[in-house]
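The values are calculated or read from the model by the stated rules, or taken from the named source; none is laboratory data. Here the structure is a predicted model, which means the values were calculated and not measured. Cβ sites come from the backbone with ideal geometry, for glycine too, and all protein chains shown count toward neighbours.
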Amino acid sequence: MLMNDIPQSPTTEVTPAGIPLDRDVPCVRCGYNLRTQMSDGRCPECGALVAHTLHCFLRFDDPRWVRCLALGAWAIVAGAVGTTIFCAVGVVFCQLPASAAPGAGPSQKTSALEFIVFAAVLVSQLLLIVGIWQFTKPDPPALVVGRSNIAGWAARSAGSIHILVGALMVLELLGLQVGASIGLAHDTETGLLVAAVAVEAMALAFRCRSIARRLPSKALAWQLFVLLMVLGVILFGSVALSAGGDSRLPSGMVCWDVPVVGLWLLLVLLSFAAALTDQVPASRARLAGELSRTGDPL
């Protein structure tokens, strides 16, 4: 845990006042074992607030908020998997010969498949955006004041643009030129879509690193950060190449880098979501134990 992650502003306690810690918890500032120390006290070695250490571990956070993070992570995984599958299916079927669709001409076949694929991808991406909103939910008010959620709001903003542009592209397949009516050409919409996904990836890189450190898992934190940042850079690069007239990477989705990085990222995200899920019962058990000591109802 880095010193920059330690909040420096006043706190409102999540744990009941005066509860001694019954497990080994290293102080985030000096590493001193805070076992038996009071939850509202200070580290006897360096004087740091014990609450600062507790709020750097998910198992000491509000179980409802931790559950929200876990559900969001799984929704992101499901949305990413759905988007990948439907895009792959669309690419395969749109390249089939016209004879594969009896009674339909090439343009009819392509148009129908494009609509089905875009609609399915849009639903998957909507699930992904819902997951992002869940995963970037700000820390509860009872947690340490001062935790920044800039990355979370950036991911939410980019996600909103992402889903809006995707909806415009689906409407175009239905013959409704909504984008053109507001001055957005198809290439512009594609560039906005890819750029929004790139911002999402980079914003999630910071959010995932912050949350993974509180598992705590430095390995997951840095794997997620590096992979999401690389994905964002690749996508931004594809937008820049397209804007410069280079057609080799028209949307960033056909290069080999994205599938390779995406597959690796998906595997890491699965581990991350599973680790977050494991923290839910841990935080519930911690809260139940503390409340039972004080005689408060659950």
task: Could you name every one of the helices (runs of 4 or more DSSP H) located completely within the stretch 126-227 that has at least 1 residues being among the hydrophobic types (A, V, I, L, M, F, W, C) and closer than 26 Å to GLN279 by Cα?
output: 150-173, 186-213
message: From the list ARG248, ARG209, exactly one residue is at pLDDT 85 or above and of a type outside the set (Asp, Glu). Which is it?
response: ARG209
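Per-residue answers, yes or no, for (1) modelled with pLDDT of 80 or more; (2) out of contact with any Phe, Trp or Tyr (no Cβ under 9 Å at 6 or more places or on another chain); (3) of a type in the set (Asp, Glu); (4) at negative phi:
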{"residue": "ASP187", "(1), (2), (3), (4)": "no, yes, yes, yes"}
{"residue": "ALA201", "(1), (2), (3), (4)": "yes, yes, no, yes"}
{"residue": "LEU227", "(1), (2), (3), (4)": "yes, no, no, yes"}
{"residue": "VAL230", "(1), (2), (3), (4)": "yes, yes, no, yes"}
{"residue": "ALA240", "(1), (2), (3), (4)": "no, yes, no, yes"}
{"residue": "ARG286", "(1), (2), (3), (4)": "no, no, no, yes"}
{"residue": "SER292", "(1), (2), (3), (4)": "no, yes, no, yes"}
